[in-house]
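Below is one structure, written out as structure tokens; the observations come after it.
The values are calculated or read from the model by the stated rules, or taken from the named source; none is laboratory data. Note that this is a predicted model, so its numbers are computed, not measured. Ideal geometry is used to build each Cβ from the backbone, glycine not excepted, and the neighbour counts take in all protein chains shown. For accessibility, only protein heavy atoms count, side chains too; no ligands or nucleic acids. Shrake-Rupley method; radii C 1.70, N 1.55, O 1.52, S 1.80 Å.
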There are 2 protein chains.
Amino acid sequence: MYRTHTCGELSLANKSQVVTLAGWVQKVRDKGFMVWVDLRDRYGITQLIFDAERTDVKILEQAKALGREFVIQIEGEVIEREAKNDNIRTGAVEVLVKKLTILNSSKTPPFTIENKTDGGEELRMKYRYLDIRRKPVRDNLIFRHKVAQAVRSYLSDEGFIEIETPYLIKSTPEGARDFVVPSRMNEGQFYALPQSPQTFKQLLMVAGMDKYFQLVKCFRDEDLRADRQPEFTQIDCEMTFIDQEDILNTFEGLTKHLLKVIKNVDVTDFPRMTYAEAMKTYGNDKPDIRFGMKFGELTDLAQGKDFPVFDGQELVVGMAAPGCSDYSRKQTDALIDFVKRSQIGAKGLIFAKYNADGSFKSSVDKFYTQEDLQAWAERLNANKGDLILVMAGEADKTRGQLSALRMHMAETLGLRNPDVFAPLWVVDFPLLEWDEDSNRFHAMHHPFTSPKPEDIELLKTNPKAVRANAYDMVLNGNEIGGGSIRIHDKATQKMMFDYLGFTPEQAEDQFGFLMNAFEYGAPPHGGLAFGLDRLVAILGGQESIRDFIAFPKNNSGRDVMIDAPSKIDDAQLKELRLKLDL
Amino acid sequence: MYRTHTCGELSLANKSQVVTLAGWVQKVRDKGFMVWVDLRDRYGITQLIFDAERTDVKILEQAKALGREFVIQIEGEVIEREAKNDNIRTGAVEVLVKKLTILNSSKTPPFTIENKTDGGEELRMKYRYLDIRRKPVRDNLIFRHKVAQAVRSYLSDEGFIEIETPYLIKSTPEGARDFVVPSRMNEGQFYALPQSPQTFKQLLMVAGMDKYFQLVKCFRDEDLRADRQPEFTQIDCEMTFIDQEDILNTFEGLTKHLLKVIKNVDVTDFPRMTYAEAMKTYGNDKPDIRFGMKFGELTDLAQGKDFPVFDGQELVVGMAAPGCSDYSRKQTDALIDFVKRSQIGAKGLIFAKYNADGSFKSSVDKFYTQEDLQAWAERLNANKGDLILVMAGEADKTRGQLSALRMHMAETLGLRNPDVFAPLWVVDFPLLEWDEDSNRFHAMHHPFTSPKPEDIELLKTNPKAVRANAYDMVLNGNEIGGGSIRIHDKATQKMMFDYLGFTPEQAEDQFGFLMNAFEYGAPPHGGLAFGLDRLVAILGGQESIRDFIAFPKNNSGRDVMIDAPSKIDDAQLKELRLKLDL
């Protein structure tokens, strides 16, 4: 052992002890006759002191020559500091160095190893091993570990068994694109890396394992949107002999537990909202309910008043931005610019200021009386001082646009407080969604999701209206997990594949093993999966998942540190019976 | 929730309660006026009773029609059994059924779902979801979960942080063959799946994470020997500012903890044995020390007595098989046949019976006196009643052959007791081993292992004699883990790559990122990895790892249940810019 203590534990209780420490040189302050060195390791920083009166002159000279990030080992006596630093645990003491060993030198790091670094994203990723030395990144990784451990111990205590499912599985074209792995031993054949352990966890339920979980890597070969990774980690769960309510309660319990043990936050029971209600009230299936600004529909009130922008539209919908009635022209113009951005694509935005004195001032005063606007305000639960924001158009699209504006307003008004946690369940998702590209229905969740029994008849007449036993957990405007009650009989599963455009042969070829399993006593079952990367980031009060992943990939799917992917040997290709076709 | 209780929890304490259970029909006994059903779930078996006097006749008829593995839900009253079954927890009660719902039917399973099944390996794997319903397999998976949880909580308590390293990494030709993953976004380039997170965990040490662990899947595309899997799980660990002794103590602590909490077995401190000593004493670098039969070298005693089989050989070596002096000719012939098998390849075997009366009877009485044989017996620590077994030839080869015989004798004599746990450390492994195929040295552990400083000079003169700071933990004749103190400076790492036949360009191309990292303050570090599959099997007292893996692959690397690997679409190949070259 190179040390008697870490750099994070010495205090006045150790005064006069002779200790050995090892770590990295964070900083050297050379006052000529006296040198201070901040020595850093995972556990903290301890100040070392070398001085001409009490330290051997050779060691003092060595100390002066230390560079940033040198790795050293020292022996010395713990003494009380004159100028104490209350910000760090070891701030009351320093170590008067008697012996110094340089364990390794360091070139000058390409960016500063400080809480706020001067290194850009690309450079930090290339030298990720230096980036992780920075306390914020290191703390994120430790935080992730704590969350993962808490998840495991909670689920284990609840009787869940963690079971490892295979990574080398079978490619199926449904869903996202698979990463594939050529098999050398089975010529011309490929494994696929799992997009999720979905079918395996269902088979474990058929196998009677009753309650399964796994923290597991999943893989999707998709063009990477910002903050997506080709490999990501799921908390994957499945239960048997349960209905939807049991699953919601179980994972509500898990989430409450995490908020309590990790953040010391108590939350009450999670609200449950149907998908339809979420879309109507927030224009979004993952509403951030840390704040209000609920939508109100004004179609009946706003139409028929000769205002051509509203008349004839499918929907007129608005919300009240709290305390914004004094917005300047510049500010309201900025909001118009915001909704007109191509990502949002709205044609415009109507304002009505609900002044502090109870009067209204709107951009459409020509068409609406004070009484008209009063009715709007009531519909939107607006208060004096609020700014009423109204949009009109095709219903779904307009709700989506107003939702984007709602989030923008919340951001602007500082309502997205990372220390507030507002979870909810969104339930009754549609079973199917229409896919323009392939001109057919896709499973909104996945093809194993069960339709609500009372809606099955609608499959023939109005497939879009069929609701699934599917649910998402939403936390602060992020979907952190979702799941469903599964189909557990062969007939229904076959019917679903049929509706999704599989030929019977395709269904058999790709999912025959699952449908066969359903014929041998498959029990009712269901489950869900949480995105661990996202969950950890939100619990950590941050927006980006990247700094909660030790070695993330960039938006081209590259690891710029190890420079992967890369070319492989011709011999390797030959063994795999492959040729490049560039 | 489909149940108020599981099938494993009812007892007389629940007498007279009305309960709801759900599970699988294990067995139906139909006595006409009375039907008993054993209802099974993960937690146990509960006996249900339907009788003509107390059960609705329609339900009785339904019960009679139940098939094996049907999934049912029942409601009924807990009553005391007349004939109690002390073998199961619920054996004092049965449930008098009032309501019966068939949740799913089942075809007749292709093999019996019993502790001892009539299904062969291939069939069991194809219907693994039925195989797992069998208690021994289910219990193995639950056992694995418990071991994994115990590992995680122990290491977490010791300050280790579990950090997920990437699965999509870079292919390197050193070591075993990589599985590769074509990258669609980076044309003509491939990721590799990790054979271990070796370089990443070293980078985490450079990054200052201090103590890392991970339960992690690893991948090797090797021709599969029996009981090897292309994907397997490691307990992977690394520590900073430690020397070898710290690592041995830490993981000895982990292993003792596992033996205690999982098996309630106390073991004392693990013996430490050098590689040289293990090879000399047991002919094996993973000796099973649950029993003796240590080797003794007889070269000086046995040569020069005109026995041509021994004279001139590099080594004459023997051991004493306890209590086998009364072996018949048939039995000794069988031992000769055993060592002559092509897998072992010995030319023959010499016997000397150390009779109960102190006399000797050997196959070489013509050449050796009773006094000669007495000297052998003393060298081998033989006791009266033992059978002395002696082989001769080239030293390494002969030791290996005698080692195989030693294990065979132990098996025959019932000395490999799965309830006894005899761990040890084997240390001071050679740094390099000669590879006949490639006609160069390979790293015996891996190229990041540090040579012993006092042996570095030997690299130039006698590379085979250079010892590494490398160690294995051995448990009951199995290597369950191994590791080393790593190189942590660029110069030594470069030198190692050079000795291993890398050109500077190859070294830079493949491991440049690691050598660069070593220039930015890399600390002394080391670690090890345990094979979780093997560890769990040994703790479970079993030889094969396959039944501790939920969904194992066969010896051709196939998952016969899902039928993977398989062909993929031409469109998929095209997107990946690949062509088959069959």
Looking at this structure, is A:Glu245 out of contact with any helix residue (DSSP H, G or I) (no Cβ under 7 Å at 6 or more places or on another chain), at negative phi and outside the structural domain of A:Leu168 (by TED's automatic domain parsing)? no
Take B:Ala392 and decide whether it is in contact with a Phe, Trp or Tyr (Cβ under 6 Å, 6 or more places away or on another chain), at pLDDT 95 or above and not assigned by TED's automatic domain parsing to the domain that holds B:Gly501. yes
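Every residue, every condition in (1) more than 8 Å from chain A (Cβ to nearest Cβ); (2) polar (S, T, N, Q); (3) touching a helix residue (DSSP H, G or I) at 6+ places or on another chain (Cβ under 7 Å), yes or no:
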| position | (1), (2), (3) |
| --- | --- |
| B:Ile161 | no, no, yes |
| B:Arg177 | no, no, no |
| B:Pro182 | no, no, no |
| B:Thr199 | no, yes, yes |
Residues to consider are A:Ala564, A:Ala550; find the one that is free of Cβ contacts under 8 Å to residues at least 12 places away in the same chain and of a type in the set (A, V, I, L, M). A:Ala564
Here are some conditions: (1) open to solvent by less than 30 Å² (accessible area, probe 1.4 Å); (2) farther than 30 Å from B:Gln195 by Cα; (3) touching a Leu at 6+ places or on another chain (Cβ under 8 Å). B:Gly385 meets all but one. Which one does it not meet? (3)
Please name all residue pairs, on different chains or six or more residues apart, with Cβ atoms under 7 Å, provided the first residue is in region A:413-442 and is touching a residue at least 40 places away in the same chain (Cβ under 8 Å) and at positive phi and the second residue is assigned to a strand (DSSP E or B) and open to solvent by less than 60 Å² (accessible area, probe 1.4 Å). A:Asp428/A:Thr274
Could you list, in sequence order, the residues of region A:157-181 that are closer than 16 Å to B:Ile142 by Cβ and open to solvent by less than 30 Å² (accessible area, probe 1.4 Å)? A:Gly159, A:Phe160, A:Ile161, A:Glu162, A:Ile163, A:Thr165
Tell me the residue from A:Leu123, A:Leu96, A:Leu141 that is out of contact with any Lys or Arg (no Cβ under 8 Å at 6 or more places or on another chain) and more than 10 Å from every other protein chain (Cβ to nearest Cβ), please. A:Leu123
Hey, can you tell me all the residues within region A:18-59 that are open to solvent by 10 Å² or more (accessible area, probe 1.4 Å) and of a type in the set (A, V, I, L, M)? A:Val18, A:Val28, A:Met34, A:Ile45, A:Ala52, A:Val57, A:Ile59
Name the residue that is nearest to B:Lys126 (Cα to Cα), counting only residues in region B:86-115 that are of a type in the set (S, T, N, Q) and open to solvent by 50 Å² or more (accessible area, probe 1.4 Å). B:Thr108
From the list B:Ser544, B:Ser556, pick out the single residue that is hydroxyl-bearing (Ser, Thr, Tyr), modelled with pLDDT under 95 and within 27 Å of B:Leu155 (Cβ to Cβ). B:Ser544
Conditions first: (1) buried (at least 22 other Cβ atoms within 10 Å of the Cβ); (2) not assigned by TED's automatic domain parsing to the domain that holds A:Arg406. A:Leu298 passes all but one, so which condition is the exception? (2)
Search result, residues across region B:506-530 that are touching a His at 6+ places or on another chain (Cβ under 9 Å) and either aliphatic (A, V, I, L, M) or open to solvent by 10 Å² or more (accessible area, probe 1.4 Å) (or both): B:Ala522
Against the conditions (1) assigned by TED's automatic domain parsing to the domain that holds A:Gly385; (2) open to solvent by less than 30 Å² (accessible area, probe 1.4 Å), where does A:Tyr282 fall short? Just the number, please. (1)
Quick one: in region B:533-561, which of the residues that are at the interface with chain A (Cβ under 10 Å from one of its Cβ atoms) and of a type in the set (D, E, K, R) is nearest to the chain's Cα centre (by Cα)? B:Asp533
Lone unmet requirement of (1) under 23 Å from A:Thr172 (Cα atoms); (2) of a type in the set (D, E, K, R); (3) out of contact with any helix residue (DSSP H, G or I) (no Cβ under 7 Å at 6 or more places or on another chain) for A:Lys574: (1)
Quickly run through region B:337-358 and pick out the residues that are within 20 Å of B:Phe307 (Cβ to Cβ) and open to solvent by 40 Å² or more (accessible area, probe 1.4 Å). B:Lys340, B:Lys347, B:Lys353
Based on this model, can you work out whether B:Met209 counts as under 27 Å from A:Ile113 (Cβ atoms) and either within 7 Å of another protein chain (Cβ to nearest Cβ) or open to solvent by 10 Å² or more (accessible area, probe 1.4 Å) (or both)? yes
Which one is nearest to the other protein chains (Cβ to nearest Cβ) among residues in region B:564-579 that are touching a Lys or Arg at 6+ places or on another chain (Cβ under 7 Å) and open to solvent by 70 Å² or more (accessible area, probe 1.4 Å)? B:Lys579
Only one of (1) within 24 Å of the chain's Cα centre (by Cα); (2) open to solvent by less than 10 Å² (accessible area, probe 1.4 Å) does not apply to B:Val466, and that is (1)
Would you check which residues across region B:258-279 are in contact (Cβ under 8 Å) with a residue 40 or more places away in the chain and surrounded by fewer than 18 Cβ atoms within 10 Å (Cβ to Cβ) and list them? B:Leu259, B:Val261, B:Ile262, B:Lys263, B:Val265, B:Val267, B:Pro271, B:Arg272, B:Thr274, B:Ala276
In region A:239-265, anything over 21 Å from the mean Cα position of the chain (by Cα) and either farther than 22 Å from A:Lys211 by Cβ or not hydrophobic (A, V, I, L, M, F, W, C) (or both) is listed as A:Thr240, A:Asp243, A:Gln244, A:Glu245, A:Asp246, A:Asn249
What residue, of A:Gln229, A:Gln195, is within 20 Å of the chain's Cα centre (by Cα), over 28 Å from A:Gln506 (Cβ atoms) and assigned to a loop (DSSP other than H, G, I, E, B)? A:Gln229
Test: B:Pro173 is at pLDDT below 95 and facing chain A (nearest Cβ under 7 Å): yes
Which residues, counting only those in region B:301-331, are part of a loop (DSSP other than H, G, I, E, B) and crowded, with 21+ Cβ neighbours inside 10 Å? B:Phe310, B:Cys324, B:Ser325
Among the residues of region A:546-555, how many are open to solvent by 10 Å² or more (accessible area, probe 1.4 Å) and over 13 Å from B:Leu168 (Cα atoms)? 4
Looking only at region B:212-226, how many residues end up being assigned to a loop (DSSP other than H, G, I, E, B), within 7 Å of chain A (Cβ to nearest Cβ) and of a type in the set (Lys, Arg)? 0
Given (1) open to solvent by 20 Å² or more (accessible area, probe 1.4 Å); (2) among the aliphatic types (A, V, I, L, M); (3) facing another protein chain (nearest Cβ under 8 Å), number of the condition A:Ile485 does not satisfy: (3)
